[in-house]
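What follows is one structure encoded as structure tokens, with my remarks underneath.
The values are calculated or read from the model by the stated rules, or taken from the named source; none is laboratory data. Computed from a predicted structure; not experimentally measured. Please note: Cβ atoms are built from the backbone with ideal geometry, for glycine as well, and neighbour counts cover all protein chains shown. Just so you know, the surface numbers come from the protein's heavy atoms only, side chains and all, with ligands and any DNA or RNA stripped out. Shrake-Rupley method; radii C 1.70, N 1.55, O 1.52, S 1.80 Å.
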Amino acid sequence: MSATTATTSHVPSSYDLDELYAHSAHNYKPLPVVLADGEGAWVTDVAGRRYLDALAGYSALNFGHRHPRLIAAAHDQLDRLPLVSRAFDHDRFAEFTGELAALCCKDAVLAMNTGAEAVETAMKAARRWGHQVKGIPDGTARIVVAEGNFHGRTTTIVSFSTDPDARDGYGPYTPGFDLVPYGDLEAMAAAIGDDTCAVLIEPIQGEGGVIIPPEGYLRGVRQLCDERGVLFLADEIQSGLGRTGRTFACDHEDVTPDIWILGKALGGGILPLSAIVADRDVMDVFTPGSHGSTFGGNPLACAVGTEVVRMLATGEWQDRAARLGDRLAEGLAALPAGALSGFRVRGLWAGIDIAGDRTGRQVCEALLARGVLAKDTHGSTIRLAPSLVITEEEVDLLVDTLAQVLAV
Ligand SMILES: *Cc1c(COP(=O)(O)O)cnc(C)c1O
């Protein structure tokens, strides 16, 4: 599907940033490239230059740009009934919720749009569950969260962010959260009290720099939650749906949370679609009128989401991510000593820490000039998350280009 010819070294397209952002908020600082087309693992800019997309929409594009199966599902639905609102039922709803629930081995799905909405939905479920089922006095339920987290951008979610850029100036903040170091089970055990309704973590911290917790951490969280009568909310928005070589990052420790929080790739790289997936005892805290979304679970989203679930149900994408991820890990390990100060890989997902004085941004600009798109996070760390359609040759191209850039 995607060509394997390497793009040659070139400079990024020149354009006037001031002009491009004349009427836009400045809440992003993109790399200097203006994209116009995409296919599979590749994108093309307005000047016709091709780039290997090693970010893949922060994992929203796990199946690449314009996957034919997903585009066909979307077109088909666009020609029938794209939107109705949840005031009425539609004929794509039951298959989507049923098949996603089955993929997650849970009873029920609540569909929303963005990842942040799904996280909010999970926290609402946990607070209500804490009150109604666990008997925590209304308005006092607490949620344990991890330092370095990224769960989205709403005022409540940034209330428990430890990233000053994401949080500062947005107060007053929502109370009810207890922060503990990521990967530290003892701290978590100490933070769980009688008023705790849930623990919310990313099984791998994506924005944090692809931080993989110590082996046994997820099992330990599961055990703690069971012992203390607390819900385990796993934010798999970035880590889930094939990225790590399994359907979910939690699968690496054979752990099932009480609520799966999904987004990004669930929308097939076409539209925003998120969901929480849980068993009835948790999901049924929601009653008519107690939660909702105008666009949540719309027919177009369900049609695309169902196709995503069917693609994942075969296991081939997960296998692909595992196999190609091994190749990526081998490639990174073979980089000249001293190029990196560290790297972490799980499936087709890597966080690499640049050694020396160069910032992650500078390295990403150098990668851009050589035809690879990647994104820095937190200073000197770069996240690599190519779409799972990437070929072995393209993984090698990614590693080779990185080696060239780091050698300069
Ligand atoms: C991207 C992301 C979110 C937020 O998703 P949006 O669709 O941007 O609201 C939440 N949690 C994690 C782990 C993410 O990577």
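For the reader, a short list of remarks on this structure follows.
- Applying the criterion of being in a loop (DSSP other than H, G, I, E, B) and open to solvent by less than 10 Å² (accessible area, probe 1.4 Å) to the residues of the range 264-284, the residue that is nearest to HIS151 (Cα to Cα) is LEU273.
- Selection status of GLY183, farther than 22 Å from THR256 by Cβ and in a loop (DSSP other than H, G, I, E, B): no
- The range 245-263, subset outside any helix (DSSP H, G or I) and aliphatic (A, V, I, L, M), residue surrounded by the fewest Cβ atoms within 10 Å (Cβ to Cβ): VAL255
- Qualifying residue in the range 115-127 (condition: within 16 Å of the ligand (Cβ to nearest atom) and in a loop (DSSP other than H, G, I, E, B)): no
- Test: residue in the range 9-17 that is more than 16 Å from the ligand (Cβ to nearest atom), at pLDDT below 95, open to solvent by 70 Å² or more (accessible area, probe 1.4 Å) and among the β-branched types (Val, Ile, Thr): yes
- Filter result for PHE150 (touching a Ser or Thr at 6+ places or on another chain (Cβ under 7 Å), of a type in the set (A, V, I, L, M, F, W, C) and assigned by TED's automatic domain parsing to the domain that holds SER274): no
- A single entry from ALA102, ALA116, ALA126 fulfils the requirement of being surrounded by fewer than 22 Cβ atoms within 10 Å (Cβ to Cβ), aliphatic (A, V, I, L, M) and over 20 Å from GLY242 (Cβ atoms): ALA116.
- Among residues that are away from the ligand (no atom under 16 Å from the Cβ), more than 19 Å from ALA125 (Cα to Cα) and in contact (Cβ under 8 Å) with a residue 60 or more places away in the chain, GLY245 is included.
- Candidate set: the range 206-224, residues that are open to solvent by less than 10 Å² (accessible area, probe 1.4 Å) and farther than 28 Å from GLN132 by Cα; chosen: the one nearest to the ligand (Cβ to nearest atom): GLY206
- Total residues in the range 136-189, condition under 18 Å from the mean Cα position of the chain (by Cα) and open to solvent by less than 80 Å² (accessible area, probe 1.4 Å): 14
- From ALA72, ALA54, ALA87, residue being aliphatic (A, V, I, L, M), over 19 Å from CYS364 (Cα atoms) and at pLDDT 95 or above: ALA72
Results for (1) crowded, with 22+ Cβ neighbours inside 10 Å; (2) touching a residue at least 12 places away in the same chain (Cβ under 8 Å), shown as yes or no for each residue.
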position	(1), (2)
ARG327	no, yes
PRO336	no, yes
ARG344	no, yes
TRP349	yes, yes
GLN362	no, no
GLY371	no, yes
ASP376	no, yes
ARG383	yes, yes
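- Which listed residue, of LYS134, LYS106, is basic (Lys, Arg) and either closer than 30 Å to GLY315 by Cα or in contact with a Leu (Cβ under 7 Å, 6 or more places away or on another chain) (or both): LYS106
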